[in-house]
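The values are calculated or read from the model by the stated rules, or taken from the named source; none is laboratory data. As the structure is a computational prediction, the values presented were derived from the model and not from experiment. Cβ coordinates were reconstructed from backbone atoms using ideal geometry, including for glycine residues, and neighbour counts include every protein chain displayed.
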Amino acid sequence: MRRFNWLLALVCAGFLSLAPWPAAHAADPDKVLHYAFVAPETGFDPAVTRDLYSAEVIQSIFETLYTYDYLARPAKLVPQTAVALPEITDGGKTYTIHLKRGIYFSPDPAFGGKPRELTMADYVYSFERLLDPKLASPHSWLFEGKVVGFDEAAARARETGHFDYDAPIPGFELVDRYTLRIHLKHPDYNLGMILAHEPTSAVAREVIEKYRDASGQVMAHPVGTGAYLLSKWVRGSRIVLTANPGYRGFIWNFKAGSDPGDRAIVAAMRGKRMPQIGKVDIRIMVEDQSRWLAFLDRQIDLLELEGPLAPKALVDGHLRPELAAKGIRLSRIIDPEISYYYWNMQDPVVGGLSPAKIALRRAIAMAYDVQEEINVVWNGEAVPLQYPIPPGVVGYDPDYVSSVHYHPRLANALLDRYGYRRGADGYRTLPDGKPLTITYTARTDSNGTQESEMWKKTFDSIGIRMASNLMQFPDILKAEKECHLQMRTSPWIADYPDGDNFMQLFYGPNIHQNNNGCTEIPAYDRRYEASQRLPDGPERDRLYHQMARILEVDAPILIGYARYRNMLAQPDVIGYKKHPILHCEWLYFDMTKPKRDRSSTP
Amino acid sequence: MTAYIVRRLWQMLPTLLGVVLLVFVLFNWVGGDPAYILAGKMSNPQQIANIRAQLGIDQPYYVQLWIFLKQIASFNFGASWSTGETVSHVLATRLGPSLTVLVPLTVMETVIAIGLALAVAYVRGSLTDRMVMIACTVGMSISILVYIIVFQYWLAYKMGLFPVQGWGDHFFDNLFRYSALPILIGLVVSIAPDLRLFRTFFLDEINQDYVRTARSKGLSEPRILWVHVLRNAAIPIVTYVMSNLPSLLIGEFLIERFFSIPGIGREVILAVERSDFPVIKAITVYVAAATMIFNLLADLLYQAIDPRVQLK
C-alpha cells in the first residue's frame, strides 16, 4: 500500500511538473461579455499600434510593469508585473524595479514546448523595439530624451537602418533576471506612468523573431503574459478573447473612492478571484444606429455612447427612466482630455508677444462662447474647463478660475483700444491699416463644419473677417507640425494621467512635435523645465498655476472643454466602472451567468 | 472569337494605364501624407522622415510610379500601411462577404425587375402602369440611407424578423440569416430604377413589326413577351447589368457599414479614411480591370443572345 502511495505521489508530481501554467484564475467560460468597437482595430503589436481599440485588446493579452487602481480617482499607479512601485533615487534620475517571479508567457511554438518565464530582459527588449527604425514606432517618445544612451542608440539605428538588440543601452541596466535599473538623463517623476502605457508591454523576443513580417511587426500573433488570449480574429469584424488558463489571477480588493457608486461595486466584487469573465466577444460596429439597436436588443453588454447617441440614452447627464427601469446602468466620466483653441504664435498676423498681438488674441478668446459650442456641437456632452489640466488627472485644480471670461463687449473695446479699427464694411483692419483676415482650420466632417460656423459667428461679433479652411486630417497634421496653420481647435487626450502630459503641449522645444500653436514663451518654458524636476505636490502645483496664468495673459491659447465618456452596461454586468486610463476593464468586473436567449448573436 | 478576345484584352492595357496614372496623381495630389497619421500624436520630423522612408513615399514620383506598375504586373500590392495585413489577404477575405450579398441581390434584382417591367410594359398606358411608374419615381427619390435606417429599426429591431446586424462564420448562416435584410434593402432600392429602365427597353421592342407578326400568327402573349421581346431587349439589359457589377461591389459600403458585414466596400472607406494607399490602389486597379472584363463578357454574351451579332 505504501509503495502504491509513493507511486501515486510520483505520478502526480510528474503531472504537476508538466504543468508549469497552473490554472490559477477563476474565469467562467459561460460568462461571455459581448462588446462592440466603434472602429476597426489595426493589429496587436504593442510597439506599433496606436489606436484605442487595438490598445484594448493589447491590454488584455500583454502586461506592463505597472497599471492603475480600478477605483481610485485621480488614477493611481499600482504594480502589475512589478513587485512594487519603483524605487526612485538620485533625485528622480534612477528607477529600480523588481519583477514578480513565476510569471509565464502563454504557451507558443516559438518557445519550443518549454515554459517561458517573463524576465526584465523581455521588458528591455520591448522598450528597445520602440527605437527600431524598421518598425517606425509612434511610441519612441516614451523614452526619447529621457533614458541614458537611448537617443544615441536611436541615432545609430537611423544611420545604419538596423537596430542592434544585443548592444546594451546604458540607461537600461539589468541588475539580474528580475531587477531593472533605469538611468535617466534628467529627473522625471512620471516614468512609472510611462511604464504603465501599453506600448511598454512585455513581448518575447522568440515570438517576434518567429512571426515578424517584412517590417518587423507581429500584428496577428500576440503572445503575452496577460489575462486573455486571442482565440479568434476576423479582421475588422470580430475579435474573441478567452481567459488565459495560465494567468496567475488576483483577488479583487480595491478600495471605494469618493464616488457614491463605489461602495456597491466593492460589496459585489470584494474577495473574488479575477478574472471572472471567461470570454470577451468583440464585434466591430461602426454605425451608431447599429450599435444602439444591438445594445437594446441585448446583443452587446457594454456600449460606449458616442456623441450622437448620447441624447437617445441621457437626459441632463442622467440615464433615461425607461432605460433605468430595464436595469441598464450608466458609468459617466469626464475624459482625461482637453480641447483648446490655439493661435499660431509664429504667424505674422496673430502670433508674437507684442501688446497689440496679445490684445488681438485675448479679444478673440473673450468673444468665444465655449458653452455654446458644447451645447450646439457636442449635444451638451462636455464641460468647459478653466485649467489646462482636466479633471481626473494628477495636478488638476478644481478651484482654479481662469481670468479669461466670455465678454464680447470687452473684446470689442480691447480691439478698439489697440487700434484695430472698423472699416466701412464693418470689418476691422490691423493697427497699420492693412486688412485683417484670420483663417480657421477644421476637419471636413460635420463637427469641423459646425465648429467653423461657431467661430465665424464669433469673429463677426467683433468685426474680424474669418476665412474657413476645411482640410483632411492628414493635411491638418502636416500643416500643423510645420507651423502653417493660423488657428485651430486642438484636442489632446492623456497618454498618462499626469499634468505634465498637458503642460508639455505649450513648451517651446516641443514645436514641430505636439506644440501645435508653435508657442514659445520663455517664462512658461523656464517654469515647465522646473516642474519636470519635481514630483507631484504643492511646489509643482504652484508652478502649474503660474504657467496657466501665463497662458491666459499672453493668450497663445484659449482653454476649451473636456468631453464626457458615457458607458451603458446591461443588468448582467456586475461591478463595472469606466476608468479614465485603463482600456481593458473586463479584467476587473464580473457578469451573471447567462439566462437570456442570445439566439440573435452568432 | 479567340482573336477578338485577345485583341480586346490588349486594348485594355492603355485604359488600365490611364486608371493607374489617375489613381497615382490623385493620391499624391489630394490623398494627404499618411506618415503624419502613422507617426502618432507625439511625433517629430525625424520620425516622420523615417516613416516616409519605410513607406517609400520619400522616393521621386517616377520611382513610386514604377514600383506601382511592378506591383500591378506581379499582382503583389504589398501590405496595408495601417495594419500590416497583405493586400492580397485583405481582398481574399473581404470579397466573400461582399459577394454573399451581391450575387443573390443582382440575380434577384434582375429577374424581378425584368418580370415586373414586362408586366407593366404589357399594360402600358393603363392605370396600373402609371401607378407603378409613380411608385418607382417616389422609391427612387428616397435615399438608401433612409431605407437602411427604417428597415433596420422596424423589421429587425422592432419586429424581430431579421438580426439587427452581424456576420457569422458559416456561409449558409450568412446567406440566409445575415444577408437577408441587406438583400431586401438592396432590392427595394434597385428595383425601381431597373424597372423603369427595362420597361423602356421592352416598350421599344413591343412596337416592332416582328411582335405584330407574331401576334398575327396566333402566338400567345406570354410567349411573345418572354421569348421574342425579352430576347431582343436582352442586349441593353445585359450591358446595364454587367457594367454595374463592379461598381456595386464598392457601392455596397453603406449596407456593409450598417450591418457590420466585413466586405470590400467597407474596406475601401476605411482605407480612404486611413490614407492606406496600398489597399486603395489595389482595389481601384482591380475594379477597373473587372469593369473592362465584365464589358468584354457582355460583348461575348451579345452573340450568345443574338447570333446576328458579329464579333470583329
Task: Residue satisfying all of: in the range B:155-178; of a type in the set (F, W, Y), surrounded by 15 or more Cβ atoms within 10 Å (Cβ to Cβ) and within 22 Å of B:L248 (Cβ to Cβ); farthest from the chain's Cα centre (by Cα) among these - done: B:F162
TODO: Scan the range A:459-494 residue by residue and report those that are among the small types (G, A, S), under 21 Å from the mean Cα position of the chain (by Cα) and not in a strand (DSSP E or B).
DONE: A:A494
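Could you name every one of the helices (runs of 4 or more DSSP H) located completely within the range A:200-309 that has at least 3 residues being surrounded by fewer than 17 Cβ atoms within 10 Å (Cβ to Cβ) and free of Cβ contacts under 8 Å to residues at least 40 places away in the same chain? Give the steps one after another, and end with the answer.
On the way: elements: A:205-211, A:262-269, A:288-296.
Per the criteria, A:262-269.
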Task: Condition met for A:V57 (outside any loop (DSSP other than H, G, I, E, B) and either β-branched (V, I, T) or more than 14 Å from chain B (Cβ to nearest Cβ) (or both)) - done: yes
Open item on the list: Need pairs with beta-carbon distance below 7 Å; first residue within 14 Å of chain A (Cβ to nearest Cβ) and within the range B:12-40, second hydroxyl-bearing (S, T, Y); sequence gap 6+ or separate chains.
Closed with: B:N28/B:Y61; B:G31/B:S275; B:G32/B:S275; B:P34/B:S275; B:I37/B:S275
TODO: Would you please name the residue that is surrounded by the most Cβ atoms within 10 Å (Cβ to Cβ), looking only at residues in the range B:58-87 that are of a type in the set (S, T, Y) and away from every other protein chain (no Cβ under 12 Å)?
DONE: B:Y61
Open item on the list: Tell me yes or no: at least one residue of the range B:105-112 is under 28 Å from B:W167 (Cβ atoms), more than 14 Å from chain A (Cβ to nearest Cβ), at pLDDT 90 or above and out of contact with any helix residue (DSSP H, G or I) (no Cβ under 8 Å at 6 or more places or on another chain).
Closed with: yes
TODO: Report, by residue number, each residue of the range A:431-456 that is within 21 Å of A:G517 (Cα to Cα) and assigned to a loop (DSSP other than H, G, I, E, B).
DONE: A:L436, A:T444
- [ ] Run B:A113 past the list (1) buried (at least 18 other Cβ atoms within 10 Å of the Cβ); (2) outside any helix (DSSP H, G or I) and report the number of the one that doesn't hold.
- [x] (2)
TODO: Return only the number of the condition from (1) at pLDDT below 95; (2) surrounded by 14 or more Cβ atoms within 10 Å (Cβ to Cβ) that B:Q152 does not satisfy.
DONE: (1)
Open item on the list: Go through the range A:121-152 and report how many residues are among the small types (G, A, S) and within 14 Å of chain B (Cβ to nearest Cβ).
Closed with: 4
- [ ] Look through B:G166, B:G125, B:G160, B:G139 and report the one residue that is farther than 29 Å from B:I283 by Cα, out of contact with any Leu (no Cβ under 7 Å at 6 or more places or on another chain), within 12 Å of chain A (Cβ to nearest Cβ) and at pLDDT below 95.
- [x] B:G160
Task: Hits in the range B:16-52 - residues which are at pLDDT 90 or above and not hydrophobic (A, V, I, L, M, F, W, C) - done: B:G18
Task: Index of the failed condition, B:V19 passing every other in (1) surrounded by fewer than 13 Cβ atoms within 10 Å (Cβ to Cβ); (2) under 30 Å from B:Y302 (Cβ atoms) - done: (1)
Open item on the list: Suppose we filter the range B:267-302 for residues that are at pLDDT 90 or above and among the charged types (D, E, K, R); how many remain?
Closed with: 1
Task: Conditions (1) within 12 Å of chain B (Cβ to nearest Cβ); (2) within 19 Å of A:G560 (Cβ to Cβ); (3) surrounded by 21 or more Cβ atoms within 10 Å (Cβ to Cβ); number of the one not met by A:G517 - done: (1)
Open item on the list: Just to be sure before I move on: is B:V238 surrounded by fewer than 15 Cβ atoms within 10 Å (Cβ to Cβ), out of contact with any His (no Cβ under 8 Å at 6 or more places or on another chain) and among the β-branched types (V, I, T) in the structure I sent?
Closed with: no
- [ ] Just name the residue that is farthest from the other protein chains (Cβ to nearest Cβ) out of those in the range A:184-229 that are closer than 23 Å to B:S88 by Cα and under 23 Å from the mean Cα position of the chain (by Cα).
- [x] A:P222
TODO: Sort out which residues of the range A:335-361 are out of contact with any Ser or Thr (no Cβ under 7 Å at 6 or more places or on another chain), more than 19 Å from A:L414 (Cα to Cα) and among the polar types (S, T, N, Q), and write them in order of number.
DONE: A:N344, A:Q346
Task: Hits in the range A:284-333 (condition: more than 14 Å from chain B (Cβ to nearest Cβ) and on the phi > 0 side of the Ramachandran plot) - done: A:D316, A:G317, A:G327
Open item on the list: Given the criteria of a type in the set (S, T, Y), assigned to a helix (DSSP H, G or I) and under 22 Å from the mean Cα position of the chain (by Cα), does B:Y147 qualify?
Closed with: yes
TODO: Consider A:P509 carefully, then state whether it is out of contact with any helix residue (DSSP H, G or I) (no Cβ under 6 Å at 6 or more places or on another chain), within 13 Å of another protein chain (Cβ to nearest Cβ), farther than 21 Å from A:D51 by Cβ and surrounded by fewer than 19 Cβ atoms within 10 Å (Cβ to Cβ).
DONE: yes
Task: Checklist (1) in a helix (DSSP H, G or I); (2) within 14 Å of chain B (Cβ to nearest Cβ); (3) touching a residue at least 24 places away in the same chain (Cβ under 8 Å) applied to A:G91, failing item - done: (2)
TODO: Kindly establish whether A:D541 is in contact with a strand residue (DSSP E or B) (Cβ under 8 Å, 6 or more places away or on another chain) and among the acidic types (D, E).
DONE: no
Task: Selection from the range A:495-506 of residues that are at the interface with chain B (Cβ under 10 Å from one of its Cβ atoms) and in a loop (DSSP other than H, G, I, E, B) - done: A:D495
- [ ] Return a yes/no flag: does the range B:172-179 have any residue that is more than 9 Å from chain A (Cβ to nearest Cβ), out of contact with any Gly (no Cβ under 9 Å at 6 or more places or on another chain), within 30 Å of B:L118 (Cα to Cα) and of a type in the set (A, V, I, L, M, F, W, C).
- [x] yes
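Would you mention how many residues in the range A:32-57 are charged (D, E, K, R) and either buried (at least 22 other Cβ atoms within 10 Å of the Cβ) or closer than 18 Å to A:A294 by Cβ (or both)?
Qualifying residue count for the region: 3.
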TODO: Restrict the check to the range B:179-199 and report whether at least one residue is surrounded by fewer than 17 Cβ atoms within 10 Å (Cβ to Cβ) and more than 20 Å from B:G251 (Cα to Cα).
DONE: no
- [ ] Would you confirm whether any residue within the range B:268-279 is touching a Lys or Arg at 6+ places or on another chain (Cβ under 6 Å), touching a residue at least 12 places away in the same chain (Cβ under 8 Å) and buried (at least 20 other Cβ atoms within 10 Å of the Cβ)?
- [x] no
